[in-house]
Every structure is written in C-alpha cells, then in structure tokens.
Amino acid sequence: MNDRSHPAAIADQSVARDFVQMPRRQVVLTMIGVLLAMFLASLDQTIVATAMPRIIADLGGFDRFTWVTTAYLVASTTAVPIVGRLTDIHGRKVFFVAGITVFLIGSVLAGMSQTMNQLIAFRAIQGIGGGIIMVNSFTAIADLFPPETRGKYQGFIGVVFGMSSVIGPTLGGFITDNISWNWVFLVNVPIGVPVLLLIVFLFPAIRPEVENRKHDYPGMVALVLAVVPILLALSWGGVQYGWATPQVVGLLILGVTMVAAFVTIEHRSESPIMPLEIYRNRMVTVTVVVTFLTGFGMFGAIIFVPLFFQGVLGASATGSGSFLTPMMLGIVVGATLSGQLLARTGLRYRAFGLGGIAVMTVGLYLVSTMDQNTSFARAVAYIAIMGAGLGSTFPTFMLAVQNSIPFNLMGTATSAIQFYRSIGGMLGLALFGAVLSNRFATKLDEMLPDSVRDTLPPERIEAIEQNPQALVDPSALAELQSRFTGTGGQQAADQFLTALKTSLSGAISDVFTISLTLVAISLVVTVFLKIPARDGAGDTSQPQM
C-alpha cells in the first residue's frame, strides 16, 4: 500500500506543510516547560480544597468559601476561547509568557491576601493566567511535533492533568498543616519562575500566517458577558441562591441573550474571535459534542464519587477524597496508552474514540449499580475502569481536531475543545445537584418507616431531606442519634440511618444513570468521527466540510 494512503501519513496535509522541525534539545526542554506549566495550572484547580478550612478560620467569609474555586474556574474558562483565537493571530509564545506571568502574580497576591474578598479577586487573576496556560499547553503540541507523532505527547498532557488531580488535595493538606495556607499559592513561584525562563528562551516564536490581524473587540465583550453570567448562575444555583431567585434567573437571561448577540457579531465580524467556520468541519463538530457530553461524566464523578464513599460506605472525609485516586490513575493509564497506540498504529480516531468511550460507558454502568452493599475493592475497580475510558479520549479527540484543522486556526479549535468540556462539566454539576437533592428527598420520604417518622419532628425530617449532613459529619450523626435516646431507641436510630444511606445511594445511582445515558449518546455521536478524504494534492488551507 502506498505510504501516502496511511492515516498517519495523510493526516491533514496543510498541517504537515506548516510544521517546522526544531532541534531535538530545544523540543525536549520546551516540552518539559510546557508540562510543568500545565501541571501548575491544573494543580491549582484542586490544591485549594483541603486548605479551605484553615483559610476560613483565618480570613472568615464562610458564606463565600465556594467563590474561591468558582472565581478561578469562571475566569479560566472565559479566557480559553479568547486567548485561543489571539494565539492564532499573534503566535503562542507571547501569550504563554503572559499567561505564566499573570498566574504567578495572582499566586503571590493570593498568598498575601488579608480578606476573603481579596482572595476571591486574586484567584480570578490566577484563573485568567491558568486558562491561558492550559490552552497554550494543549496547542503547543502542534507547534513542537509533526502530526504523526503528536498522539503520544498529547497523552503526556493527559498524564499531567491526571497526576495533578491526584497530588493536589494531598499536597494542599500537607502544606497547610506543616507551613501555612499562604504557601498553597506561594509555592507556585519557585516552580513557575524556571518554567517561565524555559518558555522565554526556548519556545518557538511561530506566528501563523493570517490575512486579517484585526481584533474582534465586540466579540470578546459579548463572549465574556455570555459566559460569565451563565457560569456564575450554574455555580450559585441551588448553593448560594435558589434556582428561582432573581440573582440566578437574571444571570441566565443575561447570559442567553448575550449568546445570541455573540453569534450575530461573529457572523458579521471581519476577524471573529471564534470563527464559526470551524464548526463546518465534521471533526470539530463531532469532537465538541463528544467532549461536552463526556464533561458531564467527568465532573459528575469527581464530585459524587467521594460523596458515595463517605455517605454510603462510611469512609472518612480524608479517605473518601483519596478514592478519587484510582479514577485519576485510570485517566493517566488511558491517556498514556491511547496516545502511544495512536502514534504507533496510525491516527484511527474513530476506532480509538469508540473504544475509549465504550470503556467509559461500561465503567459508568458499573458505578451506577453500586449501593450500600458494594465492597470498597469493587467500587475502586469500577471507578478505575471509568477513568481509563475517560483518559483515553483526551489525546484521541484533541488529535482528531488538530490534525484536520489549518495551522492558522489551531488555537481556536483547540481552545474550543477545552471550553466545551468545562461548560459541559458545569452544566452537569448543576443538573446532577438538582437531581440528587430531589431524588434523595423523594426516596427518603418513601422509605422512612412510620414508627421512625413519629420520633422526629416534621421540620427536622425536612431539614435532613434537604441536607443529609448526618451521613458525612460525625458530630451531626452523634447529635441525631441522641435524639432517639428515650424515644425510639437504638433500633429506630439504626432504621433511620439505613433509610438515609439507602436513599442517598439510590439518588447517587440515579445521577450516574443520567451521566451514563449522556455518555452513551456521545458513543453514538463518535460514529460520525471520520478522517476527511485527502488526495494529497488539493488545496487544504481551509477546513474540510
């Protein structure tokens, strides 16, 4: 067979033409810098969680503790599509340097915060820098490596992402207990400065060839005014404010209105911040849909797996968080294997995409069957399988896009994948949170024996239905059990706890069943992922339709 007909040899000819090979030493050192920068940005999404109790003790502001994480995620998600397009106009290097610099400035300021409001604002600055780093890290693979070898290096990005998720909570707790919570942020500086120097001196100064270098300022403003309100509404709904409150409804109305305005602006812009033409490329469209749907599964697992271990199986708070490690290690293994196999066997995106999502679907199905009788070992195995399937999708779909898009749209297309995965995840959390709350209340109401119901006042039962704190807080559990002393006795207390665990287990199972359905839909969508036909001779400067 002619070598030019092999998928690895005929990955987008325009991409191959634009690629310029650099000296091996420069590539290796630059890749080390990229991976370290990626590690810092992804680490800061998880390292703060275990430090929050100490931060609240020092700064106060318990009513705003979720904003510390929300500020980072909203800022980073909003920065991704804007910076992705700007890197296509001005090149990756200047934004990589700027992103690391902003991230380090935000880290220093966060570490020196004197109030909770200051910390929230400085975390947003960190998030802007982190978002810039993330989009450049994924896109940098296309600058450093030719199409046929990108698979194994995209796999390394997935490995770094998974490892940072495993290390983050433990490292945050260690630093907080042994030094101070301030160094959870300040630790980025001694690591980040050498990384910044590596990028400054070694990262290639490649400036894509584009016809129009104008900036779409109206599009940028409209995008920010669309994304930020929607993300804030999804983050606050059901947590800070009720879903029907003016704050949440108003933000959603503003966000949806600005989405319509953004699309209109992009249609008319001479140099749009998010060129809508990329969505005429089947690779991009299918990948966006798949990553959006799998984002539901990923974020849902990260939040609800610890809740299952702690609330249903009775693990400690520290132990329940550590049970995410098998899933993250599964992500590492899946990303590594799929990246290596893609590079060695040819860029068979559809086959690897179907295989990865099928494994994730099986894992989610197994997770959805867990209940209070499931052993720890079996639960760990199930979530590891789910993680392996999820991890294998990272390099597969990223390569499907990068190897089918012209070089001058590489940043735009790459950032779109990250953007829609984050949006899918936050939508998933909002949906799953509402489902969990409603299903738990309904199941508990059905399962609670009348003899037990008579021993507690109705308002107490209603409060537990809204927040089953007794299952995750030892002090709340002890207080609840004391209420049965002299009324229903130990038997009534045991019956009540059994009903709580069974109801929570059923509600979490319903959450994973919905996640399973969405991921199964993404499996069907992946069937449409094809390698565009190439003749090796035609003009491939535009996306293939």
Legend entry - Largest-first principal axis extents, alpha carbons of segment 119-253, Å: 53, 51, 26
Inset, instruction - For every other residue with a beta carbon closer than 12 angstrom to the beta carbon of ILE141, add +1 if it is Lys or Arg and -1 if Asp or Glu, then tell me the sum. - result: +2
Inset, instruction - Would you calculate the separation in nanometres between label points at GLU270 and ASP450, each defined as 7 Å from the Cα along the Cα-to-beta-carbon direction? - result: 7.8
Inset, instruction - Using the Karplus curve 6.51 cos²θ - 1.76 cosθ + 1.60 with θ = phi - 60°, work out ³J(HN,Hα) for each residue of segment 508-517 in order, rounded to whole Hz, and write x for Gly and Pro. - result: 5, 4, 4, 4, 5, 5, 5, 4, 4, 4
Inset, instruction - Subtracting the Cα-Cα distance from 0.36 nm times the residue separation, let me have the gained length for ILE32 to VAL221 in nm, one decimal. - result: 64.6 nm
Legend entry - Integer Hz, Karplus 6.51/-1.76/1.60 couplings in order for segment 381-388, x for Gly and Pro: 4, 4, 6, 5, 4, 4, x, 4
Legend entry - Charge context of PRO272, other residues only, Cβ under 12 angstrom, K/R +1, D/E -1: -2
Legend entry - Environment charge of PHE528, counting only residues whose C-beta is closer than 9 Å and scoring Lys/Arg +1, Asp/Glu -1: +3
Legend entry - ³J(HN,Hα) computed for each position of segment 349-355 - Karplus, 6.51 cos²θ - 1.76 cosθ + 1.60, integer Hz, glycine/proline x: 4, 5, 4, 6, x, 5, x
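FYI, it's all coordinate maths here, none of it is from the lab. Note that the structure is a prediction, hence the values are computed from the model and not measured. We place every Cβ from the backbone using ideal geometry, glycine too, and count neighbours over all the protein chains shown.
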